[in-house]
Amino acid sequence: MSNGDIFLGEVIGTAILILFGAGVCAAVTLRFSKARASGWIVIAFGWGFAVLAGAYTAAPLSGGHLNPAVTVGVAVDTGTWDKVWVYLLGQMVGAMLGAVLAYLVYLAQFQANVRKEGTTQGTADEPTPTLGIFSTIPEIRNPVANLITEIIATIALVLPILAFGRNTGIGIGQIPGEEAGVYGSGISVLLVSFLVVGIGLSLGGPTGYAINPARDLGPRIVHTFLPIPNKGTSDWGYAWIPVVGPLAGGVLAGLVYNAAF
């Protein structure tokens, strides 16, 4: 894969990932959305479908990492680091692009995020905090616990991804030993999508399961600059945890996979 293909694939795939992911969060969160208050299960499945759409789209160009933790985990396992920077750059650009696109889809809802005259705190007409649409917020703010959660949840993502990718017949790419043009089923991306749903349902409660530094940092940057009425804080004091935790989890997953398989 050329650097250009990798960059383009990761930009497009990660943009689709965030468009769907931030989109489902906006749908559930914002007033005047038909999906308002539809719940955590909807968000978990929305992010799973986001991975499905983004990764399948990017796979022919870049392999569809869409996540610096995955890229780093693969590099730790294989020892190949020369293209890591291209993946990370594409993922960050794509994440910011996807966040802007999700904002534009829900532009009218964001513009309606204003306090009506006479509104009191806790009422249905109160402006909605918007950071959670773009990035993660811990339910209980405890840096050590939050970091541990993100590390474990990311290991639970990256370790199976490494196994899926090396499993002959389910990955995307030529099957070893077969003639040129013979490919695996590509079902590994579908399995990863269900894996993301499972992580959201089982491990997402404490922190909102960032498990992807670009997924959290890129949209957080965009949130800082978007002209959203009453948008609230971008919470930069917490922002390091959904970056460091997933990267650490990716490294640990790569080390475990390399040692065990």
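The values are calculated or read from the model by the stated rules, or taken from the named source; none is laboratory data. Computed from a predicted model, the values in this text were never measured in an experiment. Glycine gets a Cβ as well: all are built from the backbone with ideal geometry, and neighbour counts include every protein chain shown. Surface areas here come from the heavy atoms of the whole protein model, side chains and all, with no ligands, DNA or RNA. Shrake-Rupley method; radii C 1.70, N 1.55, O 1.52, S 1.80 Å.
Hey, got a sec? Which chymotrypsin sites (Phe, Trp or Tyr not before Pro) in region 216-259 land in a DSSP loop and have at most 11 other Cβ atoms within 10 Å? If you can, show how the numbers build up before the last one.
Details: sites: 225, 236, 238, 240, 257; in loops: 236, 238, 240.
Answer in residue order: 236.
Take the alpha carbon gyration tensor of the chain, find the square roots of its eigenvalues, order them as a ≥ b ≥ c, and report rounded if a/c is under 1.5; if not, report prolate when a/b exceeds b/c, else oblate. Note, shape of the chain comes out prolate.
Per the 1.4 Å probe, what fraction of the accessible area of the chain, in percent, lies on carbon and sulfur atoms?
Numbers: 8000 of 11790 Å².
The computed percentage sits at 68.
Among the chymotrypsin sites (Phe, Trp or Tyr not before Pro) within region 10-114, those in coil by DSSP and having at most 15 neighbouring Cβ atoms inside 10 Å are 32, 81.
If R0 equals 45 Å, the separation of the Cβ atoms of residue 108 and residue 240 corresponds to a calculated FRET efficiency of about 0.85. The label-point distance for residue 259 and residue 142, in a model that sets each label 7 Å from Cα toward Cβ, rounds to 2.7 nm.
Using the Kyte-Doolittle scale, which helices in the chain average at least -1.0 and also have C-alpha atoms spread 27 Å or more along the helix axis, with helices defined as whole DSSP H runs? Mind dumping the intermediate values first?
Numbers: long enough: 3-29 (38 Å, 1.61); 40-62 (32 Å, 1.48); 84-105 (31 Å, 1.86); 143-166 (34 Å, 1.65); 241-260 (28 Å, 1.52).
TM-like helix candidates: 3-29, 40-62, 84-105, 143-166, 241-260.
With the helix formula -39500 (n - 2.57) applied to DSSP H stretches of n ≥ 4, the chain reaches a computed 222 nm mean residue ellipticity of -21000 deg cm²/dmol.
Taking the solvent-accessible surface of protein heavy atoms with a 1.4 Å probe, what is the per residue accessible area of region 34-100 in Å²?
Value returned for region 34-100: 43 Å² of accessible area per residue.
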